[in-house]
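Chemist: Below is one structure. I have some questions about it.
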Amino acid sequence: MNKWKFSDLTYTRPDFEEAKRQLTVWKGRVESAESADDIFSVISEMDNESKHLKTQFTLVYVRHTLNTTDDYYEKEQEYLDEQLPELAPYQVALSTAIADSPFRPEIEAKYGRQYFTQIDLQRRSFCEANIPLMQRESKLTMEYQKLMAACRIEFDGKTLNLYGIRKYFEHEDRNTREAAFKAYSDFYHSNEPRLEQIWDELISIRNEMGRNLGFENYIPLGYMNQGRSDYGVKEVEAFREQVRRVLVPLCEKLYDAQAKRLRISHVMAYDEKRIFADGNAQPIGDDEVLVPQAQKMYHELSPETGEFIDFMIEHGLMDLKNKPGKASTGYMTDLPDLLAPFVFSCFNGTIGDVQVLTHELGHAFAGYMAMRNQPISDYYSESTDIAEIHSMSMEQFCYPWAENFFGDQADKFRFAHLQEAITFVPFGVAVDEFQHICYAQPGLTPKERTRVWHQLERKYMPWRAYKNDEFMARGGWWYHKLHIFLYPFYYINYTLTTMGAMEFKKKDTENHEAAWADYMKLCKVGGSMSYLETLRHANLSVPFEEGAVAKATSHAAISLLKQIEEMEA
């Protein structure tokens, strides 16, 4: 199948009754196993079937997000979302049989301690009472995605989607930026009643899931669903507090300097994306121009990345153009049957396009390496708090090639990108704290939740200011963050992993070969270790420890402030 293309792959609806039967058969074989080899044979068969099932799921998900108006794939997505939870009790029963096997020591010797850590998380996070709740949850999240994809904003004589309008946030004319931001805000404001209902129902459903497992609310289950096995809420709280103390004052300095460059008294919310008075760096072209430049860059970066990018292009594993009906998102997923990543985005002519070719392809490269270095597909994907280190660090490793994408505006890109990496973190921890508050205080009304967001902006983003926008001024900005609706407790990962990326940036300036060697270790290990074990394996610091945030971001802070001093001289 060497000549295959993603567009030619055939989807076959999985037979869920047969899958249940097979899981039951495997369970019986595990329970009657007479040797560790008998167990290994079952695990191998399970793994092959799991890869095939995941590949079919990926085909449906990608094709549904490529065109959310396609009835066939919408219905298939609904069908799979309905059926997948029904497999869970059979999967848990099989995992339990493996965990209880007398050959457990041999299994752990072959696959490592993480194999049973994952089984334990699966067992503790499942109960049959949650199956109908998971099905209801899927319908609500699907509705949110469809609502976002259906967005049509009339602006500047054009009909724009959410990605299209955001390009105007960088416009040279301040009134245009303000108007574009208001049009973006008005879309969410006009949908506020239904978005309030969706969020209210999701909180209720997810908290019920948590209670069904014996927890007070959803939060412990949310952490388990993110694969967190060696840290919890207290560690995350300590990290958020470090961000408030260390990075919020730095961000205020960065925005004060930006206001001076823009010759305005204060950076308003609609000014934040306009980094330079004479314009931000703009990519030299669209995907047809940028992808060949990315291919050239990855060949020069390392033999492994060169092989990887050729594989992605040869098999048509990127869909990057912004099209009507396409979901307003960006992601990397995988087709484990083919050991293949897939990258999805909506290019809009901003630096975000280049970030896709480094960030999402950073995810994809890590998946590509793990799929070729790990023995089972359970380890092809790492925990979410590790995954974003791959992507954000790849963005930093690619800085020397900025000229490929921005020409003589490369220095502008590097400054703006590094500033955004830092200024993003307070927003990211605010998203995390917002979710903790909403699940811990389910009695809050929808408007009270929005006021909570407003208070968190004052805490973590005190520079944030809106003009003539009542909806945003009272806290409406949180509605645009799809992770809150779709991926509970995921968003803190972007901030934790920013620390790892900043560490890699510092290491790269000191010794590129050593930094790249550690990065390759990170990519190859996949999900075969826990979070803290993986950090140690890749020689990275633990972000929860006191002083870690200041240490990780010191190099970036010094670099940004020095460049600002030079610009103002």
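Chemist: Over all Cα pairs of the range 6-111, how is the pair count split among 5 Å bins, expressed in % and running from 0 up to the last occupied bin?
Modeler: 2, 11, 20, 19, 14, 11, 10, 7, 4, 2, 0
Chemist: May I have the count of lysine pairs in the range 6-111 with C-alpha atoms under 20 Å apart, counting pairs 8 or more residues apart or located on different chains?
Modeler: 6
Chemist: On a 0 to 90 degree scale, rounded to 10, what angle separates helix 492-510 from the longest Cα axis of the chain?
Modeler: With both axes taken from Cα atoms, the answer is about 70 degrees.
Chemist: Take the cross-link list LYS321/LYS506; LYS158/LYS447; LYS139/LYS481; LYS158/LYS296 and give me the ones stretching past 27 Å between alpha-carbons.
Modeler: Long pairs (Cα-Cα over 27 Å): LYS321/LYS506; LYS158/LYS447; LYS158/LYS296.
Chemist: Thinking of the chain as a set of Cα atoms, what percent of all their pairs are more than 47 Å apart?
Modeler: Above the 47 Å cut-off, the chain has 10 percent of its Cα pairs.
Chemist: Something else about it: Students often forget the sequence filter, so: which lysines lie under 17 Å Cα-Cα from LYS521 once same-chain residues fewer than 8 apart are removed?
Modeler: LYS505, LYS507
Chemist: Another one. Report, by chain and number, residues whose modeled amide H sits under 5 Å from the one on PHE155, excluding near sequence neighbours (fewer than 5 apart, same chain).
Modeler: LEU160
Chemist: Rank these for me by crowding, SER35, SER554, going from fewest to most other beta carbons within 10 Å.
Modeler: SER35, SER554
Chemist: Enter the angle in degrees (range 0 to 90, nearest 10) between the Cα long axis of helix 71-99 and the first principal axis of the Cα atoms of the chain, meaning the one along which they spread out most.
Modeler: Helix 71-99 and the main axis of the chain meet at about 50 degrees.
Chemist: Tell me what the chain gives for mean residue ellipticity at 222 nm when only DSSP H runs of n ≥ 4 count, each as -39,500 (n - 2.57), the sum divided by the residue total, rounded to 500 deg cm²/dmol.
Modeler: So the helix-based figure for the chain works out to -21500 deg cm²/dmol.
Chemist: Starting from the Cα-Cα distance between GLN22 and ASN539, subtract it from 0.36 nm times their residue separation and give me the gain in nm to one decimal.
Modeler: 182.0 nm
Chemist: From the phi of every residue in the range 227-240, what ³J(HN,Hα) in whole Hz does the Karplus formula 6.51 cos²θ - 1.76 cosθ + 1.60 yield, where θ is phi - 60° and glycine or proline is x?
Modeler: Residue by residue, the range 227-240 yields x, 7, 10, 10, 7, x, 4, 5, 5, 5, 4, 4, 5, 4 Hz.
Chemist: Taking other Cβ within 10 Å of each residue's Cβ, how do SER265, SER377 sort, fewest first?
Modeler: Ascending number of Cβ neighbours within 10 Å: SER265, SER377.
Chemist: Pop out the ³J(HN,Hα) list for the range 306-321 in order, Karplus 6.51 cos²θ - 1.76 cosθ + 1.60 with θ = phi - 60°, rounded to Hz; leave Gly and Pro as x.
Modeler: x, 4, 5, 5, 4, 4, 4, 6, 4, 9, x, 9, 9, 10, 10, 6
Chemist: For the chain, find the longest principal axis of its Cα atoms and tell me its angle to the long axis of helix 512-525, 0 to 90°, nearest 10.
Modeler: 40 degrees
Chemist: Give the order of ILE39, ILE422 when sorted by the count of other beta carbons within 10 angstrom, beginning with the fewest.
Modeler: Final ranking by Cβ density, sparse to dense: ILE422, ILE39.
Chemist: Give the longest segment of the chain that steers clear of GluC sites (Glu not before Pro) in DSSP loops with at most 14 neighbouring Cβ atoms within 10 Å, not counting the sites themselves.
Modeler: Result, exposed sites excluded: 217-544.
Chemist: Name the long-range amide H neighbours of ASP334: under 5 Å, sequence gap of 5 or more, or other chain; modelled H, no Pro or chain starts.
Modeler: PHE342
Since every read-out is calculated from the coordinates, none of them should be taken as a lab result. All values derive from a computational prediction rather than experimental measurement. Virtual Cβ from ideal backbone geometry, glycine too; neighbours counted across all protein chains shown.
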